[in-house]
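The values are calculated or read from the model by the stated rules, or taken from the named source; none is laboratory data. Please read these numbers as outputs of a predicted model, since none were measured by experiment. A quick note on method: Cβ atoms are made from the backbone with ideal geometry, for glycine too, and the neighbour counts reach across all protein chains shown.
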Amino acid sequence: MPDGGGGPDRSAETILVVGAHPDDIDFGACGTVATWTDAGARVVYCIVTDGDAGGFDAAVPRSAIIGIRRAEQEAAAKVVGVDEVEFLGYPDGRLVASLDLRRDLARVIRRVRPGRVVGPSPERNWRRIQASHPDHLAAGEATLGAVYPDARNAFAFPELLDEGFEPHIAGEVWLMASPRADHLVDITDTIDRKVAALRCHVSQLPDPDALEERVRTWTATIAEEGGLPPGHVAETFQIVSTA
């Protein structure tokens, strides 16, 4: 599995990262995101659901959790150099890869005009079942549909043209938590920021120290399995060419 560390290529000076929930990107990709922003790339986050089914404290009213989770995600994004976060506001826990969702993601792609899109895998990962929440699978399927064919096809969702969003081709998709991962990114230099970003999601962390230990162990295992030297940590992706 090749090491994909370093900066973006010319086609990926702008990168769109799609997550089903607030915190998904931080679990799956934010160490890699930090390497890209460090190299000068513009990275934009798109969070599909409102996150209202998350949290562990029953004393927090459901009416407040959406605002809390948005603020947590915006703070986490800043830790890794991301200043643009868009929320689509779909209901948490009830996501499907609908035509409406494909249209909304195609709109974001046409507006942001990324060379690379990162999103959740639409395939269930039997080694990491927690990464295959039904919302993740639905967001992954809709993201791929939005990249190809919707965002590039002028005749798909003609209302987007009416809104002023011209077709756009994103050349590749990187899938998080894929059972077919084929690309390793060494995040040894950014793991502390990954942990700091995850710690921003206070409403989701009954035991932040235990989470940190789990994340450091998990990313070290990924690095070891990918052939990196001891002491390194990594994230993995499946890369799909869509050009």
Here the residues within the range 190-237 that are more than 19 Å from E72 (Cβ to Cβ) and of a type in the set (S, T, N, Q) are T190, T217, T219, T221, T236
Is it true that some residue in the range 122-130 is under 28 Å from Y90 (Cα atoms), in contact with a Ser or Thr (Cβ under 8 Å, 6 or more places away or on another chain), outside any loop (DSSP other than H, G, I, E, B) and not small (G, A, S)? no
Of V79, V60, the only residue that is farther than 28 Å from R152 by Cα and in contact with a Lys or Arg (Cβ under 8 Å, 6 or more places away or on another chain) is V79
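Based on this model, can you work out whether P22 counts as surrounded by 18 or more Cβ atoms within 10 Å (Cβ to Cβ), assigned to a loop (DSSP other than H, G, I, E, B) and modelled with pLDDT under 95?
No.
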Contact list, first residue from the range 67-87 and touching a residue at least 24 places away in the same chain (Cβ under 8 Å) and in a helix (DSSP H, G or I), second anywhere and polar (S, T, N, Q) and buried (at least 16 other Cβ atoms within 10 Å of the Cβ), beta-carbon distance below 7 Å, six or more apart or interchain, is I68/S203; R69/S203; E72/S203
Within the range 125-147, residues surrounded by fewer than 16 Cβ atoms within 10 Å (Cβ to Cβ) and touching a residue at least 12 places away in the same chain (Cβ under 8 Å) come out as W126, R127, R128, P134
When the range 187-219 is checked residue by residue, the ones that are among the basic types (K, R), surrounded by fewer than 20 Cβ atoms within 10 Å (Cβ to Cβ) and under 17 Å from E235 (Cβ atoms) are R214, R216
task: Can you confirm whether the range 132-155 contains a residue that is in a helix (DSSP H, G or I) and at pLDDT below 95?
output: yes
- Message: Could you go through the range 43-66 and let me know if any residue there is closer than 14 Å to V185 by Cβ, in contact with a helix residue (DSSP H, G or I) (Cβ under 9 Å, 6 or more places away or on another chain), modelled with pLDDT of 95 or more and surrounded by fewer than 24 Cβ atoms within 10 Å (Cβ to Cβ).
- Response: no
In the range 156-186, residues that are assigned to a loop (DSSP other than H, G, I, E, B), in contact (Cβ under 8 Å) with a residue 60 or more places away in the chain and among the hydrophobic types (A, V, I, L, M, F, W, C) total 4
Q.
If I filter the range 9-16 for residues that are part of a helix (DSSP H, G or I), at pLDDT 95 or above and hydrophobic (A, V, I, L, M, F, W, C), do I get at least one hit?
A. no
